[in-house]
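The values are calculated or read from the model by the stated rules, or taken from the named source; none is laboratory data. Here the structure is a predicted model, which is why all the values come from computation and not from measurement. With ideal geometry, Cβ positions are generated from the backbone for all residues, glycine too; neighbour counts draw on all protein chains shown. The protein model used for the area step is the full one, side chains on, heavy atoms only, and it has no ligands, DNA or RNA in it. Shrake-Rupley method; radii C 1.70, N 1.55, O 1.52, S 1.80 Å.
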Amino acid sequence: MARPTSKTDLLNAAEANYEELKALIASLTEKELSTPFQFDDSKKEAHWKRDKNLRDVLIHLYEWHGLLLDFVTSNQAGISKPFLPKPYNWKNYGKMNEWFWQKHQDTTLEEAKAMLEESHGKVMDLTENLTNEELFSKGIFPWAGNNALGAYFVSNTASHYTWAIKKIKAHRKNCKALV
């Protein structure tokens, strides 16, 4: 699916990918749910080592929804806030992801599912309340920097859900190889 460039495309892609993610999760066996994630060393990105189970992936999505919601609602209310909270930036946000992971080690899988369901709904509601121009025209919101605001929404919904789906499918494949 092409990267969304309109509000309609964004809403459709976000919902379709979210539903695909939920269906994939619902199809996981007990073995797949109970087996810790373990990926080979050829996967270099930090998240392949960070996330140890489905809960970790869902919490990651939930926390990034929170960043988006806080960024948009704060700035809309006239409270200047960057997308990434201090002391993080685009060079060191991996440390923030590690902090999110650590923060939720006592969160259950069921809690993570409910938290993600709620945050997804809030992001979709916020998306609905913005116009196509507000989402996909650069310069509408100076606090969005050089990006159209919709780029943040695409990255934190449709694209992020695709990331999660790929990761869960890779875990499922690893579980089948263990048989």
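Some notes on this structure:
- Once the Cα atoms are used to define both axes, helix 54-76 deviates from the longest principal axis of the chain by about 10 degrees.
- For the pair the range 1-35 and the range 85-133, the centres of their Cα atoms are 16 angstrom apart.
- Dipole of the chain, positive direction: furthest Cα of HIS65, GLN102, LEU21, with charges on the beta-carbon: GLN102
- Each Lys and Arg contributes +1 and each Asp and Glu -1, all at the Cβ; summed about the Cα centre of the chain, the dipole is approximately 760 debye.
- Counting only the Cα atoms, the range 123-179 fills a convex hull of 86 Å³ per residue.
- Cα long-axis angle, helix 7-27 against the chain (0 to 90 degrees, to the nearest 10): 20
- Fully extended contour minus Cα-Cα distance, from LEU178 to THR35, at 0.36 nm per residue: 50.5 nm
- Which labelled figure in [x] 20.0; [y] 17.2; [z] 16.4 is Kirkwood radius over Cα pairs in Å, once derived from the coordinates: [y]
- Given charges at Cβ of Lys, Arg, Asp, Glu: the range 84-160 dipole, positive-most of MET115, TRP90, SER155: TRP90
- Annotation: per residue accessible area for the chain equals 55 Å², rounded to a whole number [probe 1.4 Å, protein chains only].
- Loop trypsin sites (Lys or Arg not before Pro), the range 1-52 (other Cβ atoms within 10 Å of the site Cβ: 11 or fewer; DSSP): LYS44
- Estimated vicinal HN-Hα couplings, Hz - the range 97-112 in sequence order (Karplus 6.51, -1.76, 1.60; Gly, Pro = x): 4, 5, 5, 4, 4, 4, 4, 10, 5, 9, 7, 7, 4, 5, 4, 4
- Net charge dipole, the range 89-147: roughly 440 debye, given to the nearest 20, about the Cα centre with Cβ charges of +1 for Lys and Arg and -1 for Asp and Glu.
- Accessible carbon and sulfur surface of the chain relative to its total accessible area, %, 1.4 Å: 54
- Nearest 10 degrees, 0 to 90: helix 158-177 Cα axis against the chain principal axis: 0
- In sequence order, the range 33-42 has phi-based couplings of 6, 8, 7, x, 5, 8, 10, 5, 5, 6 Hz under the Karplus curve 6.51 cos²θ - 1.76 cosθ + 1.60, θ = phi - 60°, and Gly or Pro positions carry x.
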